[in-house]
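What follows is a short report on a single structure.
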Amino acid sequence: MKKHNFYAGPSILPQYTLDKTIEGIRNFSGSGLSVLEISHRSKEFVACMDDTIALVKELLDVPAGYQVIFLGGGASLQFCMVPMNLSEKKSAYLVTGEWASKAFKEAKLFGEAVEVASSKDKNFSYIPKNYAVPADADYFHITTNNTIFGTELKKDPDSPVPVVADMSSDIFSRPVDVSKYALIYAGAQKNLAPAGVTLVIIREDALGKVSRQIPTMLDYRTHIKAGSMFNTPPVFAVFAAQQTLIWLKEKGGVKAMHKINQEKASMLYDEIERNKLFVPTVSDPEDRSLMNICFVMAPEYRELEKEFSGFARSKGIVGIEGHRSVGGFRASTYNALPVESVKALVDAMKEFESKN
Ligand SMILES: *Cc1c(COP(=O)(O)O)cnc(C)c1O
């Protein structure tokens, strides 16, 4: 049976990416070697890295003065690398979920860190508005998409200080104005590649402003200078990222993808609103994520939760169980998830309703 993969991360990749990586495992770029066993300094892999960086720049319309690098360590390593490299005295954080809270915690190790606003009072089910960013902060950190709670900051923020954004789960899902950010980072395993690599986009003039000593491997400048080849980069994950970006470009880029993502999300949110068995966990449509769509059973049907999980599974729908801190369901509708999978979930919800 065809599987409909709604996992939150690692998550679905385009069939194109899977096919091309299988090809690359057998014979990478005509080298006669596998991508798993070739030197990162080989001309074939250097070309792959260069092209992947060029594709990121092209697809996100990265302006001059920015650098694109690929690092190991996951998005979570960025939680400490960001303050280590950018916070001299004070940083400001918008605390909109579990990942944002973890990032905020690390910032406190490197100076004063201010919580500008938080939505913790309502289990992170909304995006705080009308907050003031301190003008003396070195940067303002946001998490554009809150993977666990299903909220998304869909507008590039206006801020009196440089903005740093964790875009792990919505990068490449919509156009962003990169010039509004000093630094963007994203773990690859949601919308780009298998786990193992993190994309970082940095405005060069944001660096070199802190007085502390930075360990070589944790200094962004090391990796910029070495073209992400200071040490062995996650070769396989970068190669897979290149395939996804080629696929995305072919699909019409982030603008075309955004349109499809909006269609997929409205199809599912509309059904959640209509279906008597379910309610959305994020009430303001403005704040609802296009990537992670969270919903729970309506109070009078709560006891049907397990049964719906099993029913969905019987239809090939996998990965819709919500994170333990929210419960219920979370359907992740990343770029690679086809419209047909959303239709399959909507049909299952309808059929389950008619049975109950
Ligand atoms: C998944 C995720 C992370 C953590 O990524 P790792 O690569 O596992 O460290 C951080 N931030 C957001 C928004 C995420 O979705």
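Nothing in this text is a laboratory measurement; each read-out follows from the coordinates by a stated rule. Everything quoted here is computed from the prediction, not taken from an experiment. Glycine also receives a Cβ, built like all others from the backbone with ideal geometry; neighbour counts cover every protein chain displayed.
Classify the chain as rounded, prolate or oblate from the Cα gyration tensor: take a ≥ b ≥ c as the square roots of its eigenvalues, call it rounded if a/c is under 1.5, otherwise prolate when a/b beats b/c and oblate if not. Judged from the Cα gyration tensor, the chain comes out oblate (a/c at least 1.5, b/c at or above a/b).
Reported value for the range 1-132: 195 Å³ per residue, from the convex hull of its C-alpha atoms. Computed from the Cβ-Cβ distance with R0 of 45 Å, the FRET efficiency linking Ser325 to Ser42 stands at 0.55. Between Gly252, Phe104, Pro14, the Cα set farthest toward the positive side of the dipole of the chain (charges on each charged residue's Cβ, about the Cα centre) is that of Pro14. When you count the other C-beta atoms within 10 angstrom of each residue and take the mean per peptide, 155-161, 257-263, 8-14, 193-199 line up highest first as 193-199, 8-14, 257-263, 155-161.
Less than 20 Å from a label point 7 Å out along the Cα-to-Cβ axis of Glu303: which backbone N atoms in the range 336-356 qualify, by residue? It comes to 352-356, nothing else. Helical runs (DSSP H, four residues minimum) scored at -39500 (n - 2.57) apiece and divided by the length of the chain put the mean residue ellipticity at 222 nm at -11000 deg cm²/dmol.
Ordering 166-173, 88-95 by mean Cβ neighbour count within 10 Å, with the highest value first, yields 166-173, 88-95. Dipole size of the range 15-250 about its Cα centre, with +1 on Lys/Arg Cβ and -1 on Asp/Glu Cβ: approximately 300 debye, rounded to the nearest 20. The peptide list 234-247, 205-218, 130-143, put in order of mean Cβ contacts within 10 Å with the highest first, becomes 234-247, 130-143, 205-218. Sequence-ordered 3J(HN,Hα) estimates for the range 178-184 from the Karplus curve with 6.51, -1.76 and 1.60 and θ = phi - 60° stand at 4, 5, 7, 10, 7, 8, 10 Hz, glycine and proline given as x. What FRET efficiency do you get for Lys355 and Ser266 if R0 is 30 Å and r is their Cβ-Cβ distance, rounded to the nearest 0.05? Efficiency for this residue pair is about 0.75. Each Cα pair under 8 Å and six or more residues apart adds its separation to the average, and for the range 15-250 the resulting relative contact order is 26 percent. By DSSP, the beta bridges lying fully in the chain are antiparallel in about 55 percent of cases.
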